[in-house]
């Protein structure tokens, strides 16, 4: 009697699976087969308080420079009297001049966007200093070289891991 029940449930499962489209069956298999990424634990001794303060000063200097550049970019694209974005609506402007003005405005917005992204990287580095995990590679967990952090204070990967990623 138990064998008949097992055979019946197998038939029901097969018919349910057969009713699903092949794409759905493949998706469920792919999701189950994908392993969860593992977080590399921070290993070893990190930088001293004096060294972390040195890195903090480098980051704060770069942050100050970025904020000054962002302010200068904002001044070029904003009208100081109205506080709105400047636009060239002159009836005497030619199409070529309008195209050039538009292209220059887009470049300015691109520069501002890049500077804002860099500012976020620097802020994240300051948070990592506060948390105590600054200077460790996110991939291998080893301590990032001091020279690299002085050149790129927001670095999250050691040179070897960065080269492996090819970015």
### Task
Would you be able to tell me the number of residues in the range 132-167 that are closer than 17 Å to residue 57 by Cβ and in contact with a strand residue (DSSP E or B) (Cβ under 7 Å, 6 or more places away or on another chain)?
1
### Query
Of all the residues that make up the range 123-140, how many are in contact with a helix residue (DSSP H, G or I) (Cβ under 6 Å, 6 or more places away or on another chain) and surrounded by fewer than 17 Cβ atoms within 10 Å (Cβ to Cβ)?
2
### Query
Do the conditions hold for residue 81, that is, is it surrounded by fewer than 13 Cβ atoms within 10 Å (Cβ to Cβ), at pLDDT below 90, part of a loop (DSSP other than H, G, I, E, B) and on the phi < 0 side of the Ramachandran plot?
yes
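The values are calculated or read from the model by the stated rules, or taken from the named source; none is laboratory data. For clarity, every value in this text was computed on a predicted model and none was experimentally measured. Reconstructed Cβ throughout: ideal geometry from the backbone, glycine too, with neighbour counts over all protein chains shown.
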